[in-house]
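Below you'll find the structure, written out as structure tokens, and then a few comments.
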């Protein structure tokens, strides 16, 4: 039985389709980290610095305050554990009393996730007469953070400013292990939020 000879036009079509798929896949992967980054700061009643990251988050918030985006800064800091008799929230409060600009205060955080952090932020914002907040957080964290705060605390207007962490490079994230790990870890958390957590019955905090 004679074998069929491959049809050259069909082979060419398959090669073209495969090339297109590869190009799209490479483009998507190369932009995987930059997709996570949102940077659209808007004037607000208060600047909210999320817990975690480095001191650069707070420094960026101070720069935004000086630029006129808000008069007050709320600095989230971990209050769930002590080190040498003081929590991060205690030490942050000491720092602000000594060196912080006017209008700065600490919001003690008991949860270790952005999802849980909204509970403590809600309590802190309720003590203030505010209707809008500008979130400051690390660049890879911005898209997930503002999505969570929009969903859980819809009574406030939210915007976000990206603090460019020195260990992140969204344009060349695959070139270094630390950059790649940060991007992949954030994608895992972002997908879990989008596919699971945001559909929970208690997601909105009233």
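The values are calculated or read from the model by the stated rules, or taken from the named source; none is laboratory data. Given the structure is predicted, the values throughout are model-derived calculations rather than measurements. Here the Cβ is made from the backbone with ideal geometry for all residues, glycine too, and neighbour counts use every protein chain on show.
Structure notes:
- Residue 88 touching a strand residue (DSSP E or B) at 6+ places or on another chain (Cβ under 6 Å) and either surrounded by fewer than 13 Cβ atoms within 10 Å (Cβ to Cβ) or without any contact (Cβ under 8 Å) to a residue 40 or more places away in the chain (or both): yes
- Failed condition for residue 108, given (1) over 23 Å from residue 46 (Cβ atoms); (2) at pLDDT 85 or above: (1)
- Residue in the stretch 38-48 that is under 14 Å from the mean Cα position of the chain (by Cα), modelled with pLDDT under 85 and not in a helix (DSSP H, G or I) present: no
- Residue 111 passes every criterion in (1) crowded, with 21+ Cβ neighbours inside 10 Å; (2) within 19 Å of the chain's Cα centre (by Cα) apart from (1).
- Residue match in the stretch 195-202 (condition: assigned to a loop (DSSP other than H, G, I, E, B) and at pLDDT below 80): no
- Among the candidates 85, 100, residue that is more than 21 Å from the chain's Cα centre (by Cα) and closer than 15 Å to residue 136 by Cβ: 100
- Condition check for residue 179: in a helix (DSSP H, G or I), on the phi < 0 side of the Ramachandran plot and modelled with pLDDT under 90: yes
- Among the criteria (1) under 20 Å from the mean Cα position of the chain (by Cα); (2) assigned to a loop (DSSP other than H, G, I, E, B); (3) closer than 17 Å to residue 52 by Cβ, the one residue 80 does not fulfil is (1).
- Meets criteria (surrounded by 14 or more Cβ atoms within 10 Å (Cβ to Cβ), touching a strand residue (DSSP E or B) at 6+ places or on another chain (Cβ under 6 Å), within 16 Å of residue 39 (Cβ to Cβ) and modelled with pLDDT of 95 or more) for residue 147: no
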